[in-house]
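To keep things clear, I will list the structure first and then write my remarks on it.
Nothing in this text is a laboratory measurement; each read-out follows from the coordinates by a stated rule. None of these values were measured; they are calculated from a predicted model. We place every Cβ from the backbone using ideal geometry, glycine too, and count neighbours over all the protein chains shown.
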Amino acid sequence: MKKRQMVTFLMAVFFLVFASLAVQCTKTQTNKQDTRVRDMAITGEIDQIRHNYIIRAKKPSMIIFTVLNPDPKILDEYVKTGKTVDVDVRIVSGDNVDIMTIDGKEYSQKIK
């Protein structure tokens with residue numbers, strides 16, 4: 001009977017150690033994903049809907065990004081002309097982006 005209890009005890013300890021390592025590994029992977037900064041190059045048109053500025057992307061195709069750091073002094077000219085521009089952005093969350101450069105020029109609006 002003692003041998004059986006010892007085997008059960010060792011199996012329980014092994015299971016708890018294995019489970020805690022699995023949880024720790026999952027937490028480490030999640031933390032790495034949260035701190036990763038993602039930059040992206042977009043080719044598209046800048047437009048305004050209500051009071052928000054958006055980028056209608058052609059590359060990557062058919063995606064609409066919301067600009068979180070709008071500067072009307074700069075963006076209104078692109079809205080009026082409707083020309084396709086190259087925009088480098090930093091993805092904040094989902095399809096919400098901060099503009100870094102437009103047509104190779106540094107975007108002057110400070111990122112919030």
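Just a few scattered comments:
- Spin-label model, residue 52 to residue 73: label points 7 Å out along the Cα-to-beta-carbon direction sit 2.5 nm apart.
- Listed values for segment 44-53 are Karplus-derived 3J(HN,Hα) couplings in whole Hz (6.51 cos²θ - 1.76 cosθ + 1.60, θ = phi - 60°), namely x, 10, 9, 9, 10, 10, 6, 10, 10, 9, and x replaces Gly and Pro.
- You can think of it this way: the chain between residue 23 and residue 2 has 4.4 nm of extra reach, that is 0.36 nm per residue less the Cα-Cα gap.
- Prolate/oblate/rounded call for segment 38-106, Cα gyration tensor, a/c under 1.5 rounded: rounded
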